[in-house]
Each structure stands twice: as structure tokens, then as C-alpha cells.
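Let me begin by presenting the structure, written as C-alpha cells, before commenting on it.
The values are calculated or read from the model by the stated rules, or taken from the named source; none is laboratory data. If you're wondering where the values come from, they're calculated on a predicted model, not measured in any experiment. Don't worry about glycine lacking a Cβ; one is built from the backbone with ideal geometry, like all the others, and counts go over all protein chains shown.
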Amino acid sequence: MLVLGMDLETTTFDQDLLRVTEVGAILYDTDLKVPIEVQADLVHEPDIKIPMDPFVVGLTGIQDKMVLNYGKSPVDVIERFIKLYNKAEYVVAHNGEHFDKPAMANFINRYFHQANGRVTNRFGRSIDLALKPKHWIDTMTDLPYSEYITTRKLQDLTGRHGFLNPFPHRAFTDVLSMMRIFSEYPTEDIIKITHSPTLTFHAQVDYHHKDLAKAARFRWNGESRKWEYKTKEYFIDADARAKGTLWDFNYIEIKE
């Protein structure tokens, strides 16, 4: 099976303001466990109206002069990405559902229009490729990590899997690292997990018993003011769930 691992680097983390500075993508054969085709492109979006976030520049090392001198046309980069995307059965990203997926959709929509099964760029040139719907695999939530691996930061996960990324926070090397981690787990299990519903649990504990929630890996949600734990149904013990005895405190279950 072919899957497409992808990652974006951007000017900021704000979805309303960001512009793409780098696209990394790997078409990966899950049976052979090897990359088949790759994409590693710096991008120059000409309508960048705000300076790059200094924190992001420090994180990625991608500066204005790199994008200006070596960045490729967004249209060319997107066309390359779409060709790889349409060959894959699944898309794989780290925190993709919350960042890469909406950022890539907005990136494409800035330069292309989709209608009647065709994709047309903003200059009127049509290409014989439409973005086919894909299910996204998130390596933060959809891999059967050991209970002893509690981190979900990509750079920490590389170390826990016995290797290091020599160029962290660059799109292509982050994708290589992600797919190396992906390859450590049975693909059939990953597919089952990614199609498993997401469950959210709210711990019903007062201030004096919040350590019970912390110990069970619940996190405090400042907006909802609740202790929350999100996981895939795949990972939940069915018998304990049916009896309502997953934890030694009361909780409410919400199925997304």
C-alpha cells in the first residue's frame, strides 16, 4: 500500500496568517517499507505581508533570504504535491488534523480552484488532477506506542525509537523521521486505530483530588475548565469501559 507522509513549515503557527515556506512529502510503500517518491521544496509565496515569526525562524532556520533566493513557485510546488497525494491511499502527518491538513488546504485554495472534477490554478491553467478525499493518519494519536512512551513530540519520539533527526523542524527531514517511526509498527494496526472513533473523557474530580486525574494522564482544559483525556476507542479496555471502571474516580465519556 502507498501512503503519503507530509509536513509543512510556515511563517507562523496562526492558520489565519501563515504562509507556507517549505513542503516535504514522501510517497511510501508500506509493504517494502521504503520511500518511492519524494518532494522537498522551499516555497516563495509572493503575497507574504507580515514578517516571519522570530520564534519560528529560530525553530526551523528558514529565513526570508532562503525563501527569496531558493523558494519555488507555489503553483509548481502544489502541482507536484497533488500528483503524489493522488497516488496514495492515506496521508500521514504529525498533528496533521490540527495543523498540516488545514494549512495545506488553505495553501492550495490560495492558488487553485476546484470545480467539476478539475483543478484550475488562479492563472487559468487547468491540470487533469482533482484532490481525491483521503483519510489522514496522525502519528500523534494513531500509532500503538508502548505505554512507556508518553511523549508525542516528534523530536523526542525519534530518540525513543533509537535514532536522531539531524535537521529537526525542516519539512523533509521531519517527514523522513516520522515515516521511520511509522515503519516500526504493523500497518494493519495503524489502519484499525486511525478508523477507530476518538473518545474524550472528563474526570469528575474536585481541586483536592486533581492529582488523581494528573496521574491518569488527564490534562486541564482552560477553556472548558475540565480535566480531559482524549484517546482512540481501540486503546480502551472494553470490559472496564462497559463497567465504568476505567479509573478509580468518576468520569464522563464523550464519543466524537
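Considering only residues that are among the charged types (D, E, K, R) and within 22 Å of A105 (Cβ to Cβ), look in the range 130-149 and name the one that is surrounded by the fewest Cβ atoms within 10 Å (Cβ to Cβ). If you could, list the steps in order and put the result at the bottom.
Residues of the range 130-149 among the charged types (D, E, K, R): 132, 134, 138, 142, 147.
Those still in the list that are within 22 Å of A105 (Cβ to Cβ) too: 132, 134, 138, 142.
Values: K132: 11, K134: 15, D138: 22, D142: 25.
Filtering first and then ranking leaves K132.
Filtering the range 73-119 down to residues that are part of a strand (DSSP E or B) and surrounded by 15 or more Cβ atoms within 10 Å (Cβ to Cβ), which residue is modelled with the lowest pLDDT? Working first, answer last.
As a first pass, look at the range 73-119 and keep what is part of a strand (DSSP E or B): 90-93, 112-115, 118-119.
From the residues that got through so far, the ones that are surrounded by 15 or more Cβ atoms within 10 Å (Cβ to Cβ) too are 90-93, 112, 119.
Values: Y90: 97, V91: 97, V92: 98, A93: 98, F112: 83, V119: 61.
Ranking the candidates gives V119 first.
Of Y145, Y70, all but one fail to be at pLDDT 95 or above and over 27 Å from M52 (Cβ atoms); the exception is Y145. Does at least one position in the range 15-29 carry a residue that is within 24 Å of R180 (Cβ to Cβ), out of contact with any Gly (no Cβ under 8 Å at 6 or more places or on another chain) and acidic (D, E)? Yes. Within the range 183-211, being aromatic (F, W, Y) and surrounded by 15 or more Cβ atoms within 10 Å (Cβ to Cβ) holds for Y185, F201.
Between R180, R152, the distinction of being among the basic types (K, R) and buried (at least 16 other Cβ atoms within 10 Å of the Cβ) belongs to R180 only.
Which ranges mark the strands (runs of 3 or more DSSP E) fully within the range 149-256 that have 1 or more residues being touching a residue at least 24 places away in the same chain (Cβ under 8 Å) and more than 18 Å from the chain's Cα centre (by Cα)? Before you say what the answer is, go through the steps one by one.
Working: elements: 198-203, 219-221, 226-232, 251-255.
The qualifying strands (runs of 3 or more DSSP E) are 198-203, 226-232, 251-255.
Any residue in the range 25-32 that is buried (at least 18 other Cβ atoms within 10 Å of the Cβ), at pLDDT 95 or above and part of a helix (DSSP H, G or I)? No: zero hits. Only a single item in (1) in a loop (DSSP other than H, G, I, E, B); (2) crowded, with 19+ Cβ neighbours inside 10 Å; (3) aromatic (F, W, Y) is not met by F13, and it is number (2).
Among the residues that make up the range 234-248, is at least one of them of a type in the set (A, V, I, L, M, F, W, C), over 21 Å from Y145 (Cα atoms) and surrounded by 14 or more Cβ atoms within 10 Å (Cβ to Cβ)? The answer is no, given that none of the residues of the range 234-248 is of a type in the set (A, V, I, L, M, F, W, C), over 21 Å from Y145 (Cα atoms) and surrounded by 14 or more Cβ atoms within 10 Å (Cβ to Cβ).
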